Every structure is written in structure tokens, then in C-alpha cells.
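The values are calculated or read from the model by the stated rules, or taken from the named source; none is laboratory data. Computed from a prediction, not measured in an experiment: that's the story for all the values here. Cβ placement follows ideal geometry from the backbone for every residue including glycine, while neighbour counts extend to all protein chains displayed. Accessible surface areas use protein heavy atoms only, side chains included; no ligands, DNA or RNA. Shrake-Rupley method; radii C 1.70, N 1.55, O 1.52, S 1.80 Å.
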Amino acid sequence: MPTLLRLATAGSVDDGKSTLIGRLLHDSKAILADQYADLNGRDGEMDLSRLTDGLKAEREQGITIDVAYRYFATPTRDFILADTPGHVQYTRNMVTGASTADVAIVLIDARHGVVEQTKRHAFIASLLGIPHLVVAVNKMDLVGYSEERFDEIVRDFCAFRGHLSSPDIAYIPISALEGDNVVDRSEHMGWYVGEPLLRHLEAIDPADDRNLDDLRFPVQLVIRSEGNDFRGYAGQVASGVVRPGDRVKVLPSGVESTVASIETLTGELEEAFPPQSVTIRLADDVDASRGDVLVSADGAPVPTRELEADVCWFADRPLRPGSRYLLKHLTHTAEAVVDAILDVVDVASLERGPAPAELGLNDIGRIRLRTRRPIIADPYKRNRVTGAFILIDEATNDTVAGGMVAG
């Protein structure tokens, strides 16, 4: 069964994100027959961007506003691709679309080179902990497929790479409109010795990036059966590996027990790992419920009611110290209060500035939170699953921020 890879595209307006996705869908034969009729642009030419620019407002303005998700597959890989908006006022949309991505594709117009939004998108991808970054220098056909121009853009990008924590960055020259180096190798750029974009993506295995060291199993549901005295804890393995016989601890209570069995609808397993959904039975009758987390008895994290986190603010109403929200983390929801705003990120310079009085729409900054109940969280850079959370306005039930635990 092919492995699923989650992609997110980002770039400035008119860098060609939607066209690139259309090219991937077209050349990988992932377009339905009735979609071809909608590909003709105003001049009669095939407009691949129409496969993703589905909103009327987007077509009128020629930009991507919402996050458009598309699925396609090759013989070796399944893909879910999020086309995220490029404009600064839609930063929250980009964060939402890229939050679960394994790979971020940052497009650069070869004519304009590295611009402020290029740095912002790369920084956000890095902040979100996306392990693989592809810098796709697009519209190479408009600069004569120049190797010198490509090398210049790569040098400019490398000048601020020190601000990024992404461990793997690849640089690929492409023309989404003409199809150069997207699915097939370009005949116009013989100087480029790397793989075309799709082949590069097929070679990435998301399983290599999972945390298999720290067992984290959030309990989603307690399953009981009075007839045979069955008691199991159902959920999805967030990280680590669990096996029958392992000694585990239930947090936040700290009660220890031993894994008796790991069960699924098709039978018992010898081990479970992310992202498998299983039911774990324990040898002892312990008090565990939804929101609790099973961890290894050795090296278990310390539950905390105070944490620092980077947040992207999604709401029109600003975030201010003293504000109260619901914090949704794994399968647990807790009341939380914002103790302080510690800094704000200048998306132009990628530097952290002094603490502002408030965080406004699309701002990214670090805050300190206190929760009513203990949270079992890891630093986001170590564990993207257990280090992520959202803030919810209790009055409106709106999601107002996405957060990443610092550390």
C-alpha cells in the first residue's frame, strides 16, 4: 500500500502555486474527465490553475484566498496537497493548511527572486516543524532557463537559511506552465542534475520523520463490556512504539501498569506505532479516561499547568494578556488564561521583537499560558503531535489560534 505524503504549497501572489498543482494533477493523470472542460482560460489556452482556484473571489482577483485540498496518487505514493494562500493577510490560512504537512513547497518567481513573502513562508514552514522544504524556482522559461539566475536565487535564499530549522532543503528549477522538471525532467535545463519535483517527492518517506522514541498514547475512548469484563483504552498512537509487556504510566495521575494486549478489529498486534489506531488493554484495573495519556514508565514527561508557546492569531479580536480560552490538546480540553505576551515575530526581518500590548490578526508571537488542568505536552520541535494545540473562544466556539509548545 503506497505511503501517504502531505504537501503544502506557498509563495507570493502570481508565483504559480495553483498552476503547479494543476500541472501535477494533469501530468499524473489525476484529473477527472469532466474537469477538462473547465480548464480553458480566457484566451483559449489550458489554464491549470482553475483546478484549484475554486472560489469565485479567487478567480475574479486571480489569487488564492482559501486553502484548496487536492488528492492524487502515483504507483509509489499517495498525496494530499494543500494549496495555501500567499498574501500576508491570509497567514492564518497558510498556517492551517500547512500544519500537518510533511513537505512544504515554497515557490519563487525566477524573474523576481527572493522577496519578503518568500522569507515569511519559509519561516512559517520552519516554525511549523515541517521536516522537508522544497524551494521551487518557477517560471524558468521566462528567464531563458538560465543556470546563472537559478544559482543567484539559491544564494539569496541561503543567506537567511540560518533563521530556518528545516533539516532538509532542496532547490529545484521548474516551469509549472510548460511542465519542465515538474513530473518529467526538462530538456531545456540539462545543467540541472537533480530529480524533477515529483520524483523528489516520491523519494521522501514520512515514516522517517516520526518520533518513535517517546511513547504518547492519548486515550480517546474507554471501551467496557460487562459480559466478559473487558476494559480497553482506544486511541491513536501519537508517537513511540508500544508492545505487550511494556510498563506504562497513566498521566496526569501517575498510576503505573503493564500492557496486557494491543487489539484491533482484525486481531491482536505485537506492537503499535504512529499513526495506528488501536485499543490497549492493561493488566491492572486503573482509573483512566478520555484526555489521559499513556506513556512509558521510564522517562515519562512531567504534567504541567504552565507553558510557553508560539501562536499564530486567527481572530479579528486581538489577543491580550488576561484573556481566557479553551485549550484543545490531543483528546483533552482545558480552560486556559494568557499570562503574558513575550514577543512578536517581524515577518519582514524574521527577528523577534519586544513584547507588544496585543497580538492582532495573522500575528505570530510567543505567549505564556496557565491551564486549569495539567497538560501532557512535549516541545513542538521534538514532537509535532503532542506539541501542538489550538485555542478556542468559549463564547463563540471559534478557533482563534494555533499554538506550538516552545522548548
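Looking only at segment 293-330, how many residues end up being of a type in the set (Ser, Thr, Tyr) and open to solvent by less than 40 Å² (accessible area, probe 1.4 Å)? So the count comes out to 2. Quick check on segment 210-234: of everything there that is in contact with a strand residue (DSSP E or B) (Cβ under 6 Å, 6 or more places away or on another chain) and open to solvent by 80 Å² or more (accessible area, probe 1.4 Å), which residue is farthest from His329 (Cα to Cα)? Filtering first and then ranking leaves Arg224. What are the residues in segment 171-197 that are buried (at least 18 other Cβ atoms within 10 Å of the Cβ) and under 14 Å from His132 (Cβ atoms), if any? Answer for segment 171-197, where residues must be buried (at least 18 other Cβ atoms within 10 Å of the Cβ) and under 14 Å from His132 (Cβ atoms): Tyr171, Ile172, Leu197. Against the conditions (1) more than 17 Å from Ile21 (Cβ to Cβ); (2) open to solvent by less than 10 Å² (accessible area, probe 1.4 Å), Glu152 satisfies every one except (2). Using the structure shown, decide if Ala176 is free of Cβ contacts under 8 Å to residues at least 24 places away in the same chain, more than 30 Å from Thr258 (Cα to Cα) and of a type in the set (A, V, I, L, M, F, W, C). For Ala176, the condition - free of Cβ contacts under 8 Å to residues at least 24 places away in the same chain, more than 30 Å from Thr258 (Cα to Cα) and of a type in the set (A, V, I, L, M, F, W, C) - is not met. Out of all the residues in segment 387-407, which are within 15 Å of Arg317 (Cα to Cα) and either modelled with pLDDT under 90 or open to solvent by 20 Å² or more (accessible area, probe 1.4 Å) (or both)? Listed by number, the residues that qualify are Ile392, Asp393, Glu394, Ala395, Thr396, Asn397, Asp398, Thr399.
Yes/no per residue for (1) among the hydroxyl-bearing types (Ser, Thr, Tyr); (2) under 19 Å from Phe389 (Cβ atoms); (3) at pLDDT 95 or above:
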{"position": "Tyr325", "(1), (2), (3)": "yes, yes, yes"}
{"position": "His332", "(1), (2), (3)": "no, yes, no"}
{"position": "Ala336", "(1), (2), (3)": "no, yes, yes"}
{"position": "Leu342", "(1), (2), (3)": "no, yes, yes"}
{"position": "Val347", "(1), (2), (3)": "no, no, no"}
{"position": "Asn362", "(1), (2), (3)": "no, yes, no"}
{"position": "Thr371", "(1), (2), (3)": "yes, yes, yes"}
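Counting only residues that are farther than 11 Å from Thr304 by Cα and touching a His at 6+ places or on another chain (Cβ under 6 Å), segment 366-398 holds 1 of them. Within segment 157-164, one or more residues are within 26 Å of Phe123 (Cβ to Cβ), open to solvent by 30 Å² or more (accessible area, probe 1.4 Å), in contact (Cβ under 8 Å) with a residue 60 or more places away in the chain and not small (Gly, Ala, Ser). Filter segment 97-153 for residues that are in a loop (DSSP other than H, G, I, E, B) and among the hydrophobic types (A, V, I, L, M, F, W, C); which is farthest from Asp310 (Cα to Cα)? Ranking the candidates gives Ala110 first. Just to verify a result, which residue in segment 361-407, among those that are charged (D, E, K, R) and part of a strand (DSSP E or B), is nearest to Arg210 (Cα to Cα)? So the residue we want is Arg366. Note down all Cβ pairs under 8 Å where the first residue falls in segment 322-338 and is closer than 19 Å to Leu221 by Cα and in a strand (DSSP E or B), the second is open to solvent by 50 Å² or more (accessible area, probe 1.4 Å) and hydrophobic (A, V, I, L, M, F, W, C), and they're at least six residues apart or on different chains. These pairs meet every condition: Lys328/Ile390. Looking across segment 235-271, just one residue is open to solvent by 60 Å² or more (accessible area, probe 1.4 Å), assigned to a loop (DSSP other than H, G, I, E, B) and of a type in the set (A, V, I, L, M), and that is Leu265. If the condition is being among the charged types (D, E, K, R), farther than 14 Å from Val405 by Cα and open to solvent by 50 Å² or more (accessible area, probe 1.4 Å), then segment 331-386 contributes Glu335, Asp339, Asp346, Glu351, Arg352, Glu358, Asp363, Arg372, Arg373. May I ask you to list pairs of residues, at least six apart or on different chains, whose Cβ atoms are under 8 Å apart, with the first in segment 198-216 being in contact (Cβ under 8 Å) with a residue 40 or more places away in the chain and the second being in a helix (DSSP H, G or I)? Final answer for the pair search is Leu198/Leu24; Leu198/Asp27.
The set of residues in segment 198-209 that are surrounded by fewer than 16 Cβ atoms within 10 Å (Cβ to Cβ) and hydrophobic (A, V, I, L, M, F, W, C) comprises Ala203, Ala207.
Of everything in segment 207-234 that is more than 30 Å from Leu4 (Cβ to Cβ) and assigned to a loop (DSSP other than H, G, I, E, B), the residue that is modelled with the highest pLDDT is Asp229.
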